[in-house]
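None of the figures in this text is laboratory data; all of them are computed from the coordinates on show. None of the values given here were measured: they were computed from a predicted structure. Neighbour counts are summed over all protein chains in view; Cβ atoms, including those assigned to glycine, are modelled from backbone coordinates with ideal geometry.
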Amino acid sequence: MKSDNAIYGKQTHPQTGSITRRSWLQLAGFGAAAMLTSMGAAALEKLKLSDKEWRQRLTPEQYHILRKAGTEPAGSSPLDKEYGEGEYRCAGCDLLLFTSAMKYNSGTGWPSFFAAVDGHMETQRDFKLIWPRTEYHCARCGGHQGHVFDDGPKPTGKRWCNNGLALRFVPAQ
């Protein structure tokens, strides 16, 4: 039978039973990384609008996606085939979410990115299709963007699969 230390991945000194310096440094590093990630999202001033204000600001299709976690049909967004230099911003609040350097052709019919701007997305588990997925949304306005999967290219291995109507492309000057 495995000890609690083996089960939980802790490394302890074989004679004293105290946590090793290597394990302590790893735990401190993970904690610092988690704190920096949460600080990035916390530093953004949240945009809170009434439902009426959101309906006035967005098209009906954008409202359905950003505020009701809808999905546009695959292949329907011109942004899927947009490969010019520029920025991809949240259609709800204009927060920078991706750059053209992060974009790639996933072949799925939705704009896809291998990375997102640090601290500008928040994630949560989604069970709408029975199996768990990771939904992500804009950290400023909470607008639903899409889902992130672990089948993307290097260097991250991630595929941030985004609804085109949830984005606004701003070409580089």
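The set of residues in region 96-117 that are of a type in the set (A, V, I, L, M, F, W, C) and crowded, with 19+ Cβ neighbours inside 10 Å comprises L97, F98, W110, F113, F114, A116. Note on region 49-86: residues that are surrounded by fewer than 19 Cβ atoms within 10 Å (Cβ to Cβ) and either in contact with a His (Cβ under 6 Å, 6 or more places away or on another chain) or part of a strand (DSSP E or B) (or both) total 3. Within region 118-157, the set of residues being crowded, with 18+ Cβ neighbours inside 10 Å and part of a loop (DSSP other than H, G, I, E, B) comprises H120, A139, R140, C141, G143, G152. I'd like to check something: does region 93-100 contain any residue that is in a strand (DSSP E or B), under 22 Å from L44 (Cβ atoms) and touching a residue at least 60 places away in the same chain (Cβ under 8 Å)? Yes, that holds for at least one residue. Among the candidates H120, H147, the residue that is within 12 Å of the chain's Cα centre (by Cα), in contact (Cβ under 8 Å) with a residue 60 or more places away in the chain and closer than 26 Å to K48 by Cβ is uniquely H120.
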